[in-house]
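Values in this text are rule-based calculations from the coordinates and carry no lab data. This is a predicted model, so every value here is computed, not measured. Cβ coordinates were reconstructed from backbone atoms using ideal geometry, including for glycine residues, and neighbour counts include every protein chain displayed.
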Amino acid sequence: MAEAKPAPMHSEARGVFSSETFSVASDTERYKGNVVGITERLISDPDGNYYSRDVVFHPGAVAIAAVTDQDEIYLVRQYRAPVDGCIWEIPAGKKDVAGEPDEVTARRELEEEAGLKAGVFEPLIGVYQSAGFSDEFCQIFLARDLQTVPQQLEGPEELDMELARFSVSRCLDMIERSEITDAKTVAAIYAVSQRL
């Protein structure tokens with residue numbers, strides 16, 4: 001496989017700060033799929049030694065904490081192949097339209113998955129989903145002033161998913177009982193609980 005030139009990953013706006021002691025020596029692409037790519041990254045450590053890490057590159061994602069006037073949060077329960085089971089999570093989707101602004105993607109995902117349109121839409125928080133092996137960054141939005149629109153479900157997982165809404169306090173209890181374990185959803189619920 002060909003050597004790829006390392007791309008700069010530093011974005012202080014996303015909480016990533018340049019390292020003065022570690023550096024990327026090279027990237028070698030090992031796999032390129034429809035959604036993700038896997039690269040073997042060669043790193044130079046503070047002692048000048050080299051080691052490699054597998055890195056999953058992802059186009060990024062958006063997610064939406066849709067909160068009702070009664071301070072309930074919409075969640076979807078859907079099958080996720082990597083964990084071979086159903087989990088509760090906030091509506092979300094990958095950034096699969098090149099150059100499309102995050103908010104536009106998020107608004108579309110909210111309509112498709114939850115059948116909701118928001119009058120108030122603002123950035124809430126952003127999180128790396130699993131920075132130990134992937135660069136997937138998820139921008140989470142807060143949606144308020146909700147109106148119902150037709151859902152536009154696609155694919156077998158979405159066609160089988162359940163849509164429900166829970167109070168913020170119930171969501172916090174569900175997190176404590178490990179009924180909600182999706183990282184972006186946990187982060188979003190805690191962020192929403194601080195805003196209400």
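Things to note:
- Close Lys-Lys pairs in the chain, where close means Cα under 17 Å and separation is 8 or more or interchain: 5
- Proximal charge balance of S130 [Cβ under 14 Å; K/R count +1, D/E count -1]: -1
- Residue (of L146, S130, G115) at the positive-pole extreme of the stretch 100-159, dipole from beta-carbon charges: L146
- Springs between Cα atoms under 10 Å define the GNM used for the chain, and in it the highest mean-square fluctuation of C86, C171, C138 occurs at C86.
- Charge dipole (debye, nearest 20) of the chain; +1 at Cβ of Lys and Arg, -1 at Cβ of Asp and Glu: 140
- Which of F22, V35, Y50, positive extreme of dipole for the stretch 3-57 (C-beta unit charges): V35
- Positive minus negative residues near T105 (Lys, Arg vs Asp, Glu; Cβ under 9 Å): -1
- Expected 222 nm ellipticity per residue - DSSP helices of 4 or more, -39500 (n - 2.57), all of the chain, to 500: -5000 deg cm²/dmol
- The stretch 3-57: equivalent-ellipsoid semi-axes (sqrt of 5 x gyration tensor eigenvalues, Cα, Å): 20, 16, 8
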